[in-house]
1. Select from region 27-57 the residues that are of a type in the set (S, T, N, Q) and touching a residue at least 24 places away in the same chain (Cβ under 8 Å) and write down the one among them that is surrounded by the most Cβ atoms within 10 Å (Cβ to Cβ).
2. Identify all residues within region 11-26 that are open to solvent by 90 Å² or more (accessible area, probe 1.4 Å) and in contact (Cβ under 8 Å) with a residue 24 or more places away in the chain; write none if there are none.
3. Among the numbered conditions (1) acidic (Asp, Glu); (2) modelled with pLDDT of 95 or more; (3) open to solvent by less than 80 Å² (accessible area, probe 1.4 Å), tell me where Asp79 comes up short.
4. Which residues, counting only those in region 79-105, are assigned to a helix (DSSP H, G or I) and either aliphatic (A, V, I, L, M) or in contact with a Gly (Cβ under 8 Å, 6 or more places away or on another chain) (or both)?
5. If Gln39 meets every condition in (1) modelled with pLDDT under 95; (2) part of a strand (DSSP E or B) apart from one, which number is that one?
Amino acid sequence: MQRYGQVIKVKPDQIENYKYHHKNSWPEINAMIKECNIQNYSIYLKDDFLFSYFEYVGSDYDSDMAKMAADKKTQEWWDLVKPYQTPLKTKQPGEWWADMEEVYHLD
């Protein structure tokens, strides 16, 4: 199992929309997340920053992420929520949410 932390900004005038859509997430999106070997997934909000945490339990992360990205319903969901977000300037090429380095973990 691999833990992931990611961060992105949310546009201040879109916070309520973002929260609304995630409180009312589509069942197909939740199913695809699980199908792609992601579990224990959470998104937290502080000011205009979103922090996500999830655990990847599969054996080929890149393949599972490509599968998710190719899913038509996921693309529709991303088209809905991406306009609410602003990627960090320090993100790596190809990232939308910026991956974070884990510096401490206590089981």
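The values are calculated or read from the model by the stated rules, or taken from the named source; none is laboratory data. Keep in mind that this is a model prediction, so the values were computed, not measured. Cβ coordinates were reconstructed from backbone atoms using ideal geometry, including for glycine residues, and neighbour counts include every protein chain displayed. All accessible areas refer to the heavy atoms of the entire protein, side chains included, with ligands and DNA or RNA removed. Shrake-Rupley method; radii C 1.70, N 1.55, O 1.52, S 1.80 Å.
1. If we filter region 27-57 for residues that are of a type in the set (S, T, N, Q), which is where we start, we get 30, 37, 39-40, 42, 52.
After this cut, where a residue has to be touching a residue at least 24 places away in the same chain (Cβ under 8 Å) as well, the list is 37, 52.
On the way: Asn37: 21, Ser52: 15.
Looking at the filtered set, the residue picked out is Asn37.
2. Hit for region 11-26 is Pro12, nothing else.
3. So Asp79 meets the others, but not (3).
4. Listed by number, the residues that qualify are Leu80, Val81.
5. (1)
Residues are listed down the side, and each one gets a yes or a no for (1) loosely packed, with under 12 Cβ neighbours inside 10 Å; (2) in contact with a helix residue (DSSP H, G or I) (Cβ under 9 Å, 6 or more places away or on another chain); (3) over 22 Å from Pro27 (Cα atoms):
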site	(1), (2), (3)
Asp62	yes, no, yes
Lys67	no, yes, no
Ala70	yes, no, no
Gln85	no, yes, no
Leu88	no, no, yes
Gln92	yes, no, yes
Glu95	no, no, yes
Met100	no, no, yes
Val103	yes, no, yes
